[in-house]
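The structure under discussion appears below in the form of structure tokens.
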Amino acid sequence: MKKGSIYSWLLFILILLLWEMLAKQMSELVLPAPSVVFNTLIEGLTSGYYTPHILRTSLEIVIGLFLGSLLGILTGIWMGEVEFIRKLLFPYVIASQAVPKLALAPLFILWFGFGMTSKVVITGLICFFPLMENTVTAIQYTDPKKLELFRVLGANRWQTLFKLKIPAGLPSIMAGFRVAVVLAVVGAVVGEFIGGSEGLGALIIASQGMMDTPLMFSVLMLITLIGTFLYQLIYFIERRLFKYRKQ
């Protein structure tokens, strides 16, 4: 294990110890101890109480991430390749991102109902921008010398795009994808805050109504674990992809 990883784990243990000590001085309603939260989490997992909520939120994250990322990459390629489209659409894309998705969530609930569709739409819209922005940047800032070489070799526009611009821009695109993964978790949970009877976000609202703070903290821990797992999964795929490209 690398030294940085060891220090990171030591810091994590220190935070838990300080949290445990601080929680003993306060009411469980205000700040439950890590041991209490951990026991609540284990009980919920072993009893199957969390299972439908985890599955619902995970499905919303995956579908929303896929649709938002796909639309973001395709739009980014289109805007990066066609200057007229970029100048035409970019101001509207920026304006759309300036509006908080939490403010739009009630509208999406009204339009798409309280089911999964509204949460997927919110998640997809949140994931869209990082992929679009990074893809546009990757397409626009391809090495001019390599572009000139492709022109000299007689490569057409599609060959230049798929054999040079996209492969060269993969690091930037994958960085946007890693950001989108984390935002997908936020989008799904925020959508469940506004409307829904199932999902980890809805469970947080329910625990708030019951004043069950340990349950709330345990659900927050679950959300953190899901987000961390997805981020590490994308990071692993990214490293394998670039390792394969170097061979």
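The values are calculated or read from the model by the stated rules, or taken from the named source; none is laboratory data. All of these numbers come straight from a predicted model, not from anything done at the bench. Reconstructed Cβ throughout: ideal geometry from the backbone, glycine too, with neighbour counts over all protein chains shown. Ligands, DNA and RNA are excluded from the accessible area calculation, which covers all protein heavy atoms including side chains. Shrake-Rupley method; radii C 1.70, N 1.55, O 1.52, S 1.80 Å.
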At 0.36 nm per residue, minus the direct Cα-Cα distance, what do L74 and S96 gain on full extension? Give it in nm, one decimal, please.
-> 6.2 nm
Extension reserve of the L22-F114 stretch, reckoned as 0.36 nm per residue once the Cα distance is removed = 29.2 nm
Want the number for L153 to L29: 0.36 nm per residue separation, take away the alpha-carbon distance, what's left?
-> 37.7 nm
Using mean Cβ contacts within 10 Å as the protection proxy, how do 159-171, 216-228, 87-99 order, highest first?
-> 216-228, 159-171, 87-99
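Mind ordering 67-74, 14-21, 176-183, 118-125 by average Cβ neighbours within 10 Å, highest first?
Packing order, densest peptide first, comes out as 118-125, 176-183, 67-74, 14-21.
If DNA, RNA and ligands are ignored and the probe is 1.4 Å, what is the ranking of K101, K243, K24 by accessible area, most exposed first?
K24, K243, K101
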Rounding to the nearest 20 debye, state how big the charge dipole of the range 100-247 is about its Cα centre with +1 on each Lys and Arg Cβ and -1 on each Asp and Glu Cβ.
-> 1040
Of the candidate values [x] 71, 44, 40; [y] 72, 51, 28; [z] 54, 51, 47, the one computed for Cα extents along the principal axes in Å from this structure is [y]
What is the distance, in nm, between label points placed 7 Å from the Cα along the Cα-to-Cβ direction at L59 and at Y141?
-> 4.0
Sites Y231 and L104 - FRET efficiency at Förster radius 22 Å, r taken between beta-carbons, to 0.05 = 0.30
